Every structure is written in C-alpha cells, then in structure tokens.
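Each reported figure results from applying straightforward, stated rules to the coordinates on display, with no laboratory input. In this text, all values refer to a predicted model and were calculated from it rather than measured experimentally. Cβ atoms come from the backbone with ideal geometry, glycine included; neighbour counts cover every protein chain shown.
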Amino acid sequence: MDRAELEKKVLELATMAFKREITIDTKVKEDMGKTSMNMVALLSEIENELDTEPLEIPTAAACDTMKELIDLVEENL
C-alpha cells in the first residue's frame, strides 16, 4: 500500500468513526476529541483493516493532525 492509498483508507475510517468529514489537516485534539470512544474505535478499526501493530491510545492521541496520525500508522505497518 502506498502513502496515498494509506491516507485515503485512514481518512475513510476516521470519517466513518466520527460521522463527519475528516481531512488530512483535521486537528485530532481539537476537532475529533482525543479521548473519545470514537478515537478508540478508530484505532481498533485501523489495526484490523490495515493489520498494523497495536497503536497506543496515548501516542495516537498526542498527534496534532490526521497527517501525524497517518505517519504513526505508516510506522506501524
């Protein structure tokens, strides 16, 4: 999976989890609520769909933007 495909897939999963449009520039903390159950569901879905190593919730929640979260996912593929 190349970077563009990864970005598209993670953004699709985020859009489904948060039930609103999520872009590469969406702020994780401010726009999505880093401690919400939606974030936990998103990380679980990413792990299942993309077969990543487990993603630590505090590490993922420390990401400022979806770009940073996608970078983290890419590192864990």
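List of remarks:
- As a rough footprinting exposure proxy, the listed residues Thr26, Thr15 were ranked by other beta carbons within 10 Å of their own, and the order from fewest upward is Thr15, Thr26.
- Within-14-Å neighbourhood charge of Lys8 [Cβ basis; K, R +1; D, E -1]: -4
- Long-range amide H partners of Thr65 with built H, under 5 Å: Val28
- Under the shape rule built on the C-alpha gyration tensor, where the axes satisfy a ≥ b ≥ c, segment 1-74 is rounded, since a/c falls short of 1.5.
- Among the trypsin sites (Lys or Arg not before Pro) within segment 20-66, those in coil by DSSP and having at most 13 neighbouring Cβ atoms inside 10 Å are Arg20.
- Sequence-distant contacts, meaning Cα pairs under 8 Å at least 6 residues apart, place the relative contact order of the chain at 35 percent.
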